[in-house]
Amino acid sequence: MYKLLIVEDDRGIAQAVKTQAEMWEIEVHTVTNFRNVMEEFAKVDPHIVLLDIALPFFNGYHWCGEIRKVSKVPIIFISSAADNMNMIMAMNMGADDFIAKPFDQSLLMAKIQAILRRTYDFASSVPILEHRGALLNTGDNTLFYRDEKISLSKNEFRILHILMENKGKVVSREKLMELMWETDSFVDENTLTVNVGRLRKRLENAGLFGFITTKFGVGYLIEN
């Protein structure tokens with residue numbers, strides 16, 4: 001089942017689209033926290049996004065830019081500000097389509113279905129993992145936080161990936177060692193400690209203090 005994320009503060013419009021989309025067996029999620037759309041985006045991991053321009057706190061262009069930093073998910077703008085300038089700006093920001101309000105629900109669903117078929121017939125969705133505003137794209141091994149890309153080595157990415165996948169659970173040093181054995185180089189406990197230390201330093205330099213917790217004698221943890 002495809003997942004649709006609606007970023008629209010007009011509850012009437014959002015509910016109408018939700019009702020229509022669910023008739024096409026699309027799983028629909030509507031954003032409620034307009035201060036942090038990316039947190040909800042990461043939780044839902046949608047296949048397509050409907051995005052209004054005029055939103056509380058930050059406009060749709062801002063959130064389109066944030067999404068494009070971590071994902072190629074299709075984005076359709078829906079807005080009453082349908083002049084050429086806004087349409088051009090939306091496309092330049094990375095939108096896939098622009099539909100003017102008021103719109104016909106059947107036309108919207110047809111466009112959504114067409115984009116979903118075009119995008120996912122030969123491709124699969126890439127999950128985005130989120131914690132404390134940090135976004136880890138497992139498709140291209142990138143980490144973003146506060147508009148900044150944080151460079152990670154292959155092993156640093158693998159460590160962070162498994163810890164974020166198991167958020168709230170302690171991951172043993174042995175499990176992390178097994179993960180790092182996939183590399184061509186020899187890995188011992190000291191190498192693991194060094195890699196975790198370097199990863200922590202990168203996170204702290206970006207402002208993510210205390211992101212990884214050590215459980216002495218057991219392993220590591222990213223706490224909920």
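The values are calculated or read from the model by the stated rules, or taken from the named source; none is laboratory data. Computed from a prediction, not measured in an experiment: that's the story for all the values here. Using ideal geometry, Cβ is built from the backbone for each residue, glycine included, and neighbour counts are taken over all protein chains shown.
Please go through (1) closer than 30 Å to Gly207 by Cα; (2) at pLDDT 85 or above; (3) among the acidic types (Asp, Glu) for Glu148 and return the number of the only condition it doesn't satisfy. Here Glu148 clears every test but (2).
Looking at Leu176, Leu116, just one residue is over 30 Å from Asp9 (Cβ atoms) and among the aliphatic types (A, V, I, L, M), and that residue is Leu176.
Pairs are defined by a Cβ separation below 7 Å, a sequence spacing of at least 6 or placement on different chains, a first member in the stretch 82-109 that is assigned by TED's automatic domain parsing to the domain that holds Arg68 and touching a residue at least 40 places away in the same chain (Cβ under 8 Å), and a second member that is polar (S, T, N, Q) and in a helix (DSSP H, G or I); the pairs so defined are Gln105/Gln20; Met109/Gln20. For His161, the conditions (1) modelled with pLDDT of 85 or more; (2) part of a loop (DSSP other than H, G, I, E, B) are fulfilled apart from (2).
Being touching a Pro at 6+ places or on another chain (Cβ under 6 Å), assigned by TED's automatic domain parsing to the domain that holds Ile26 and modelled with pLDDT of 85 or more is the requirement here; does Ile48 meet it? Yes.
Please work out if Thr19 is among the polar types (S, T, N, Q) and touching a strand residue (DSSP E or B) at 6+ places or on another chain (Cβ under 8 Å). Against the criterion (among the polar types (S, T, N, Q) and touching a strand residue (DSSP E or B) at 6+ places or on another chain (Cβ under 8 Å)), Thr19 does not qualify.
Could you list, in sequence order, all residues of the stretch 1-43 that are free of Cβ contacts under 8 Å to residues at least 40 places away in the same chain and in a loop (DSSP other than H, G, I, E, B)? Met1, Glu25, Val31, Thr32, Asn33, Phe34, Arg35 - these are the residues of the stretch 1-43 that are free of Cβ contacts under 8 Å to residues at least 40 places away in the same chain and in a loop (DSSP other than H, G, I, E, B).
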